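Reading through the structure tokens given below for one structure.
The values are calculated or read from the model by the stated rules, or taken from the named source; none is laboratory data. A quick note: this is a predicted structure, and the numbers were derived from the prediction, not measured. Every residue, glycine as well, gets a Cβ built from its backbone with ideal geometry; the counts of neighbours run over all protein chains shown.
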Amino acid sequence: MAAAKAKPVKTEPARFVIDVHYRDGSVIEAVIAPTLQIAFEREFSVGIIAYLAAFPNWQMTHFYWLAWKALGAGLELEAWVSTVDGIDLQKVLTGLPDESDS
């Protein structure tokens, strides 16, 4: 008797988004793609999933760095940040695993 093939599980890929609010009133969604997730892990020597799970002990610098890299701003980090009014992490927060899931 042949073993039954496992049915593929349909899941959503890890997708992290940071909304960047600029001083001119515009808002741009920064999608943190897999290549950027790897770059983050190499830059800061921490796994992005482990880092996100450490909420509320996050450093805002990391999120500004991610958004800056995602948007390819063409400016140095500090120069780009000076054009930003703030970032919204609500989409990052809602993408975290629920504690009841563990």
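Can you find, within segment 66-102, the residue that is modelled with the highest pLDDT among those that are in a strand (DSSP E or B) and of a type in the set (A, V, I, L, M)?
For segment 66-102, the residue satisfying everything is VAL84.
Can you find, within segment 29-46, the residue that is surrounded by the most Cβ atoms within 10 Å (Cβ to Cβ) among those that are within 12 Å of TRP65 (Cα to Cα) and small (Gly, Ala, Ser)?
ALA30
Mind listing just one residue for me: the one in segment 3-37 that is of a type in the set (A, V, I, L, M, F, W, C) and not in a strand (DSSP E or B) and, of those, modelled with the highest pLDDT?
So, considering only residues that are of a type in the set (A, V, I, L, M, F, W, C) and not in a strand (DSSP E or B), the one modelled with the highest pLDDT is LEU36.
Do we find that VAL46 is touching a strand residue (DSSP E or B) at 6+ places or on another chain (Cβ under 7 Å), modelled with pLDDT under 95 and either not in a loop (DSSP other than H, G, I, E, B) or not charged (D, E, K, R) (or both) in this structure?
no
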